[in-house]
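The values are calculated or read from the model by the stated rules, or taken from the named source; none is laboratory data. These numbers were taken from a predicted model, which means no experiment stands behind them. A quick note on method: Cβ atoms are made from the backbone with ideal geometry, for glycine too, and the neighbour counts reach across all protein chains shown. Ligands, DNA and RNA are stripped out before the accessible areas are found, and what is left, the full protein with its side chains, is counted by its heavy atoms. Shrake-Rupley method; radii C 1.70, N 1.55, O 1.52, S 1.80 Å.
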Protein chains: 2
Amino acid sequence: MSLTVRQSSVAAFETALTAFSLILDKAAAHAEAAKFDPAIYLTLRLRPDMLTFASQVRIFCDNAKNGSARLAGVEAPPYEDTEATLGELKARIAKTLAYIGGLDAAALEAGTEREIVLPTAWGKAKMIGRDYLAHVALPNFYFHVVTAYDLLRYAGVPLGKRDYLGAVPGLQLV
Amino acid sequence: MSLTVRQSSVAAFETALTAFSLILDKAAAHAEAAKFDPAIYLTLRLRPDMLTFASQVRIFCDNAKNGSARLAGVEAPPYEDTEATLGELKARIAKTLAYIGGLDAAALEAGTEREIVLPTAWGKAKMIGRDYLAHVALPNFYFHVVTAYDLLRYAGVPLGKRDYLGAVPGLQLV
């Protein structure tokens, strides 16, 4: 059996997004224990010229939503960037999961050969779906997930690789 | 045409590793301009309980090497963790690229159904190749690449998304 697009895109996004929702719960618990307002997380940045934590979360949600939609050949709904609390960021993750979970399986599989047109860091570009998935969609998604994770680690939230990887499908301890 | 394992693993690692080698050149240039010893980068950490920059680079090289080898059903050679300069880290990336580039294409494709046994954050585990690729190998690899990138950004190296994504195969400006 060869690799499916769904498994390499939607399923990977689902595992990571679900994991990050639980990471946000740990961030909330840490704020409560350390007695600071959890909304402070949303404005954290590693450097003044880097994006805030809230932006990192919004962007990885949009990477998952738009990346999956492009592979499936449909237009994803835009989400407004208005979240002001950890709970609202969790809601965005949940909304993203619901959206990508509903994409048509056959349309996703046809995505390997689909011509994708998208804005990139170089300007508007086109590429074939399989290159888009491996070299743009997945690296971009993990870029923002990991930077958000690193911001929470930097803020003192007790997290480790198990929190990041989440519930790995098919993993059996031996 | 469906997705190939090679494209989803080795080719993705190749793009990111090649990009990071150029990122190390920018880090060297920044150290020279700011007049500090570039070897200082190797000991940087975001927090005392996180790994150093040198470890992040070694680990993402090993993620690429071992991940590709496991999918191909072969035992990868261990690399010693002795790098003391940016140039030596570049050499490790080059050695990793040479190794993964030489893996047998048919053996890699058979990796989707291969039972992979590996150490994980939960303990020794087994899983089928396609789950390993999507939910462990790729997320782990990008975890260490992005954390290394974020450490350099934190250190003031002028980097952006184009440096991270590198030379994206098949991307055409329109």
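Of the residues that sit in the stretch A:119-139 and are within 23 Å of B:Val146 (Cβ to Cβ) and charged (D, E, K, R), which one is most open to solvent (accessible area, probe 1.4 Å)? Outline the logic, then answer.
Of the residues in the stretch A:119-139, the ones within 23 Å of B:Val146 (Cβ to Cβ) are A:119-122, A:125, A:127, A:130-139.
From what's left, charged (D, E, K, R): A:130-131.
Working: A:Arg130: 52, A:Asp131: 26 Å².
Across the stretch A:119-139, the extreme among qualifying residues is A:Arg130.
Out of all the residues in the stretch B:140-163, which are at the interface with another protein chain (Cβ under 7 Å from one of its Cβ atoms) and open to solvent by less than 10 Å² (accessible area, probe 1.4 Å)?
Taking the stretch B:140-163 and keeping what is at the interface with another protein chain (Cβ under 7 Å from one of its Cβ atoms), we get B:142-143, B:146-147, B:150, B:153-154, B:160-162.
Of everything in the stretch B:140-163, those that are at the interface with another protein chain (Cβ under 7 Å from one of its Cβ atoms) and open to solvent by less than 10 Å² (accessible area, probe 1.4 Å) turn out to be B:Tyr142, B:Val146, B:Thr147, B:Asp150.
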Worksheet item: Just one of A:Gly101, A:Gly87, A:Gly129 is more than 14 Å from every other protein chain (Cβ to nearest Cβ), under 20 Å from A:Thr4 (Cβ atoms) and either touching a residue at least 40 places away in the same chain (Cβ under 8 Å) or out of contact with any strand residue (DSSP E or B) (no Cβ under 8 Å at 6 or more places or on another chain) (or both); which is it?
Response: A:Gly101
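What number of residues within the stretch A:104-126 satisfy the criterion of being over 21 Å from B:Gly166 (Cβ atoms) and at the interface with chain B (Cβ under 7 Å from one of its Cβ atoms)?
Just the residues of the stretch A:104-126 that are over 21 Å from B:Gly166 (Cβ atoms), to begin with: A:104-115.
Checking the rest, the ones that are also at the interface with chain B (Cβ under 7 Å from one of its Cβ atoms) come to A:112-113.
So the count comes out to 2.
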Discussion item. I need the full set of residues from the stretch B:47-59 which are closer than 16 Å to A:Leu46 by Cβ and open to solvent by less than 10 Å² (accessible area, probe 1.4 Å), in order please.
Written reply: B:Phe53, B:Gln56
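Yes/no matrix, rows are residues, columns are (1) more than 30 Å from B:Ala107 (Cβ to Cβ); (2) out of contact with any Gly (no Cβ under 8 Å at 6 or more places or on another chain):
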{"residue": "A:Val5", "(1), (2)": "no, no"}
{"residue": "A:Ala11", "(1), (2)": "no, yes"}
{"residue": "A:Thr18", "(1), (2)": "yes, no"}
{"residue": "A:Ser21", "(1), (2)": "yes, yes"}
{"residue": "A:Lys26", "(1), (2)": "yes, yes"}
{"residue": "A:Pro38", "(1), (2)": "yes, yes"}
{"residue": "A:Leu44", "(1), (2)": "yes, yes"}
Worksheet item: When A:Ala39 is evaluated against the numbered criteria (1) small (Gly, Ala, Ser); (2) farther than 20 Å from A:Leu118 by Cα; (3) within 14 Å of chain B (Cβ to nearest Cβ), which criterion, by number, is the only one it fails?
Response: (3)
Discussion item. Between B:Leu24, B:Leu44, which is touching a residue at least 24 places away in the same chain (Cβ under 8 Å), crowded, with 19+ Cβ neighbours inside 10 Å and hydrophobic (A, V, I, L, M, F, W, C)?
Written reply: B:Leu24
Fill in: Looking only at the stretch B:71-84, and only at residues there that are outside any helix (DSSP H, G or I) and touching a residue at least 24 places away in the same chain (Cβ under 8 Å), the one that is farthest from B:Thr4 (Cα to Cα)
B:Ala84
Discussion item. So for the stretch B:133-146 (the condition being over 13 Å from the mean Cα position of the chain (by Cα) and farther than 21 Å from A:Leu138 by Cβ), does at least one residue qualify?
Written reply: no
Discussion item. Can you confirm whether B:Arg70 is open to solvent by 40 Å² or more (accessible area, probe 1.4 Å) and within 13 Å of chain A (Cβ to nearest Cβ)?
Written reply: no
Practice prompt. Sort out which residues of the stretch B:27-41 are part of a helix (DSSP H, G or I) and either among the aliphatic types (A, V, I, L, M) or open to solvent by less than 20 Å² (accessible area, probe 1.4 Å) (or both), and write them in order of number.
Written response: B:Ala27, B:Ala28, B:Ala29, B:Ala31, B:Ala33, B:Ala39, B:Ile40, B:Tyr41
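Got at least one residue in the stretch A:99-118 being of a type in the set (Ser, Thr, Tyr), open to solvent by less than 70 Å² (accessible area, probe 1.4 Å) and in contact with a Gly (Cβ under 9 Å, 6 or more places away or on another chain)? Lay out the reasoning, then the answer.
We begin by selecting, within the stretch A:99-118, every residue of a type in the set (Ser, Thr, Tyr); these are A:99, A:112.
Then keep just the ones that are open to solvent by less than 70 Å² (accessible area, probe 1.4 Å); that gives A:99, A:112.
Pick out the ones that are also in contact with a Gly (Cβ under 9 Å, 6 or more places away or on another chain) and you get A:112.
So far as the stretch A:99-118 goes, yes, one or more of its residues are of a type in the set (Ser, Thr, Tyr), open to solvent by less than 70 Å² (accessible area, probe 1.4 Å) and in contact with a Gly (Cβ under 9 Å, 6 or more places away or on another chain).
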Worksheet item: In the stretch B:164-174, which residues are open to solvent by less than 40 Å² (accessible area, probe 1.4 Å) and more than 7 Å from every other protein chain (Cβ to nearest Cβ)?
Response: B:Gly166
